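To keep things clear, I will list the structure first and then write my remarks on it.
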Amino acid sequence: MADFEIKDLRVGVEGREILKGVSLQVNRGEVHAVMGPNGSGKSTLSNALMGHPSYQVLGGEVLLNGQSLLELQPDQRARLGLYLAFQYPIVVPGVTMANFLRTALNAQRGYDGKDKAKAIGPKEFRELLAEPMNTLRIDKSFLSRYVNEGFSGGEKKRAEILQMAVLRPTMALLDETDSGLDIDSIKYVSESINSMRGGELGILIITHYTRILKFIQPDYVHVLVNGQVVRSGGSEVADQLENTGYSEWVDEPAAAAAVAEEV
Ligand code: ADP
Ligand code: MG
């Protein structure tokens, strides 16, 4: 059995079936890319895996290290090692980045506000942040700002990867982390992800474009169209998409309209 198993997952949103039986297997140390045109169900997949309440699981199974996830709350899934970098990170006014990161980390360590021995110390916390903040070119001043408030698109995405670096998940879902990044940011983000790559960590890079895959070479690529995986293979699948786009599965006017919608 794989470390992370998605079996025949079917998910509906507002009564409409979006994912129509998706199966994927990711082992620790591997990087998988899920690519697909807009509206194919990529965010539905990432949100359903994390347990977003708007996404109804209609069937199938998801296992992380043999443990079934679908009945669990998002925080329980996170404690088991699952992480989601949002496509659209939300602003949390009144909560500083430092507070947010420390609280998330403490929750993971089982600190409930009582047993001080479990809480991360200030020095350890600073040391934990230093390397990823440096790689991601995140200025120290960010730590005293409210989560995502006034952050540019690229800054929000870098903050998502900083959270990942701090929380050290065993399975990371990165939903369009590349969108909204300028060419420098995409390098910093890729560098940070590549430095975490391997070992115990499995990564699912969810993306519309092949661009980020030039910096983070995936071991496997899956093409998701209309809620189904229509092709799986090695990194050569991304190279084919680079040339042909999704035209094999989606007719061009619809694809063009979807791109126009995104802009
Ligand atoms: P992708 O991430 O591949 O662009 P999504 O999973 O966001 O695709 O969307 C797939 C389909 O599900 C779209 O038709 C979209 O409108 C619908 N959908 C996704 N999330 C929601 C939601 N929260 N509410 C209503 N419809 C949604
Ligand atoms: Mg999406």
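The values are calculated or read from the model by the stated rules, or taken from the named source; none is laboratory data. For clarity, every value in this text was computed on a predicted model and none was experimentally measured. Here Cβ is always computed from backbone atoms with ideal geometry, including for glycine, and neighbour counts include all displayed protein chains. Areas reflect the complete protein model, heavy atoms only, side chains present, ligands, DNA and RNA absent. Shrake-Rupley method; radii C 1.70, N 1.55, O 1.52, S 1.80 Å.
Numerical summary
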{"item": "Neighbours by Cβ (under 7 Å, 6+ apart or cross-chain): first from segment 117-139, among the charged types (D, E, K, R); second assigned to a helix (DSSP H, G or I)", "result": "R137/Y188"}
{"item": "In segment 3-18, residue modelled with the lowest pLDDT [restricted to those that are more than 9 Å from ligand 1 (Cβ to nearest atom) and open to solvent by 10 Å² or more (accessible area, probe 1.4 Å)]", "result": "G15"}
{"item": "Condition check for T44: modelled with pLDDT of 95 or more, more than 16 Å from ligand 1 (Cβ to nearest atom) and under 26 Å from S179 (Cα atoms)", "result": "no"}
{"item": "Looking only at segment 19-36, and only at residues there that are surrounded by fewer than 22 Cβ atoms within 10 Å (Cβ to Cβ) and more than 17 Å from the chain's Cα centre (by Cα), the one that is nearest to ligand 1 (Cβ to nearest atom)", "result": "K20"}
{"item": "Cross-chain or 6+ apart pairs with Cβ under 7 Å, segment 47-75 first and without any contact (Cβ under 8 Å) to a residue 40 or more places away in the chain, then open to solvent by 70 Å² or more (accessible area, probe 1.4 Å)", "result": "G51/Q73; S68/E61; L70/E61"}
{"item": "Residues that are among the aliphatic types (A, V, I, L, M), assigned to a helix (DSSP H, G or I) and modelled with pLDDT under 95, drawn from segment 167-185", "result": "I183"}
{"item": "Failed item in (1) outside any strand (DSSP E or B); (2) touching a residue at least 12 places away in the same chain (Cβ under 8 Å), with V34 passing the rest", "result": "(1)"}
{"item": "Criterion (more than 19 Å from A85 (Cα to Cα) and more than 16 Å from ligand 2 (Cβ to nearest atom)) met by exactly one of G202, G245", "result": "G245"}
{"item": "Enumeration of residues in segment 235-249 that are within 20 Å of D178 (Cβ to Cβ) and either in a loop (DSSP other than H, G, I, E, B) or among the hydrophobic types (A, V, I, L, M, F, W, C) (or both)", "result": "S235, V237, A238, L241, G245, Y246"}
{"item": "Conditions (1) buried (at least 21 other Cβ atoms within 10 Å of the Cβ); (2) away from ligand 2 (no atom under 16 Å from the Cβ): number failed by S40", "result": "(2)"}
{"item": "Residue in segment 178-198 that is more than 16 Å from the chain's Cα centre (by Cα) and buried (at least 18 other Cβ atoms within 10 Å of the Cβ) present", "result": "yes"}
{"item": "Meets criteria (touching a helix residue (DSSP H, G or I) at 6+ places or on another chain (Cβ under 9 Å), within 16 Å of ligand 2 (Cβ to nearest atom) and open to solvent by 10 Å² or more (accessible area, probe 1.4 Å)) for S54", "result": "yes"}
{"item": "Output for segment 206-228, where each listed residue is open to solvent by 50 Å² or more (accessible area, probe 1.4 Å) and either in a helix (DSSP H, G or I) or in contact with a strand residue (DSSP E or B) (Cβ under 6 Å, 6 or more places away or on another chain) (or both)", "result": "R211, K214, D219, Y220, Q228"}
{"item": "Test: residue in segment 75-82 that is under 19 Å from T177 (Cβ atoms), crowded, with 17+ Cβ neighbours inside 10 Å and within 16 Å of ligand 2 (Cβ to nearest atom)", "result": "no"}
